[in-house]
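The values are calculated or read from the model by the stated rules, or taken from the named source; none is laboratory data. Bear in mind that the values here come from a model prediction, so they are computed numbers and not experimental data. Don't worry about glycine lacking a Cβ; one is built from the backbone with ideal geometry, like all the others, and counts go over all protein chains shown.
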Amino acid sequence: MKGAKRAVKIAATVSLVLVTVFLVFLIAVLIRTYTFNPAGEQAAGSPDSRGVTLTANFSQAERRQLLHAFKGALRIPTVVRNATDFNISALEEFRDYLPQVFPTVFSSNVVHHEIIANYSHLFTVRGSNDSLKPYILIAHLDVVPVVEEEWEVPPFSAEEQNGYLYGRGTLDDKLSVMGILQGLEFLLKRDYKPCRSFYIGIGHDEEVGGNSGARNIARVLQSRGVKLSFLLDEGSAILDGIIPGLEKHAAVIATSEKGYATISLSVTTATGHSSMPPKESSIGILAAAVSKLENNPMPRMFGQGPERGLFEHLSSQLNFPLNVVMANLWLFAPLVSRMMEKKPSTNSLVRTTTAVTEFHAGIKANVIAPSARATVNFRLHPVHTLDELLYQIQSIISDERVKIEVLGFFPSLPMSSYDDNSFGYQVIRATIGNVFPEVAVTPGLCVASTDTRHYQNLTRELYRFVPMILKQKDLSRIHGVNERISTRNYEEIVQFYFYLMQNSDFWSLPIPHSASHDL
């Protein structure tokens, strides 16, 4: 009897201890949720007490002008298919078009224009204060090919429908090319005198690696001893309704980007007549290997790279219980990654992605294929190494008959700073606040590849952001069918660059607003 009472007492004590531990744990989680303030989580503010001197109140004539110039650029089919297949006549037409629509830029005594590698452009905008380290804005004028019959409108018509401009390049990346130069054109027409020097680099082959355009622009600057305070390129955007639980738009400034590895898988077997087929063919063996890769994704790595900062910075903006989850990724990262992997748009943040992009096999309908080859493109999570990837590919396929070969590889780029002392990040953040005051701003990860990697010797502060507003349905338009942007959003992009050039002139960091305005 006494033993039974003692057992009950011990059980009650243990239960009390467990409940107490749970409550303490719960309180700690909630305290972190509602007091969590990641680095760089200050309000955008303005660059300093002098603020922006010229406002982007564009006249009706200027609005017509900026759309006219953009439409003309979209109509030039600057398509690049591979490293040796360019639409040369279109690149030359684009070169001649720019001075027509930006006469002030090309005639200004503070702007020097150069042609690099035959078709790329480098603009040097000279500031009045040589002690200030310059920055660079980069973009690319080349576009990927199109399948015209799949489009609702001709892809190089720049047709306007219901407030949208349609055309290849509206999202990737002529909006940046034209937006940057248009913003500078409008500033110069208002007698803008830059204080800090800056550069504008426009490549012509970004879609195939930028090995001619961006690489040579960077080489020219490096040969002149140029060191940059920061770089801003394409690669991220303002997301509308894409992040679950976030009611407002999120402007994601990508501080790093995924690397990539292009892998060739090949199988060679004996050939022969199809009337006497072997048990397994080269096509069958390779198809099985590819199927294994698609059915066995790379391991989850969510929370180990720069993608963590995105959700931590947005945690205070999310609805309950997502705010609790995202503020405590040290605990909930495995749960979040399982949720995110269900959609392609968020699965790309969770892991190294696997995409089978090419499959070549067969020579005739009645001949056993002597060989088969597939190309698989992996976009590497920032903490995933090439050696680890190759080991995992080999383990998944587990067939020595499949030859694995690396065709191309670029590692993920180091993460750029985004704390309160990061000049480039804070200037970009402040400029977003000038044009989109209600948008939440956060650091993040670019899941695609850009040509910013060619500029790594010039600055460590590489950022990727264009303020194009993307809904879930718009993501497939990039490199896809019916690419478009609203005319209103393009005007906002011009305003963004108009303010960015002015904000970058001031050498003190943005002054944060009061705590009540913090994002």
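Contact map, the range 493-519: residues that are surrounded by fewer than 21 Cβ atoms within 10 Å (Cβ to Cβ) and assigned to a helix (DSSP H, G or I) paired with residues that are at pLDDT 50 or above and not aromatic (Phe, Trp, Tyr), Cβ distance under 8 Å, separation 6+ or inter-chain. No pairs are found.
Listed here are the residues, each with its yes/no results for (1) at positive phi; (2) in contact (Cβ under 8 Å) with a residue 60 or more places away in the chain; (3) of a type in the set (S, T, N, Q).
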site	(1), (2), (3)
68	no, no, no
82	no, yes, yes
86	no, yes, no
90	no, no, no
94	no, no, no
98	no, yes, no
105	no, yes, no
108	no, yes, yes
117	yes, yes, no
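Residues in the range 413-429 that are over 30 Å from residue 261 (Cα atoms) and surrounded by fewer than 23 Cβ atoms within 10 Å (Cβ to Cβ): 419, 420, 421, 422, 423. Screening the range 292-315 for residues that are under 17 Å from the mean Cα position of the chain (by Cα) and among the small types (Gly, Ala, Ser) and picking the one that is farthest from residue 237 (Cα to Cα) gives 305. On the stretch given as the range 82-138, residues that are out of contact with any Gly (no Cβ under 7 Å at 6 or more places or on another chain) and within 19 Å of residue 156 (Cα to Cα) total 13. Is it fair to say residue 350 is at pLDDT 90 or above and touching a Leu at 6+ places or on another chain (Cβ under 8 Å)? So residue 350 fails the test. Of all residues in the range 82-98, those satisfying the criterion of being at pLDDT 95 or above and not aromatic (Phe, Trp, Tyr) are 87, 88, 89, 90, 91, 92, 93, 95, 96, 98. Is one or more of the residues making up the range 279-292 among the hydrophobic types (A, V, I, L, M, F, W, C), part of a strand (DSSP E or B) and at pLDDT 95 or above? Among the residues of the range 279-292, not one is among the hydrophobic types (A, V, I, L, M, F, W, C), part of a strand (DSSP E or B) and at pLDDT 95 or above, which makes the answer no. On the stretch given as the range 82-103, residues that are within 26 Å of the chain's Cα centre (by Cα) and not in a helix (DSSP H, G or I) total 6.
Of all residues in the range 343-374, those satisfying the criterion of being under 14 Å from residue 290 (Cα atoms), more than 21 Å from the chain's Cα centre (by Cα) and buried (at least 19 other Cβ atoms within 10 Å of the Cβ) are 372, 374. If you go through the range 222-247 and pick out every residue that is crowded, with 17+ Cβ neighbours inside 10 Å and either within 17 Å of residue 450 (Cβ to Cβ) or of a type in the set (Asp, Glu) (or both), you end up with 9. Quick one: is residue 131 surrounded by fewer than 22 Cβ atoms within 10 Å (Cβ to Cβ) and modelled with pLDDT under 95? For residue 131, the condition - surrounded by fewer than 22 Cβ atoms within 10 Å (Cβ to Cβ) and modelled with pLDDT under 95 - is met.
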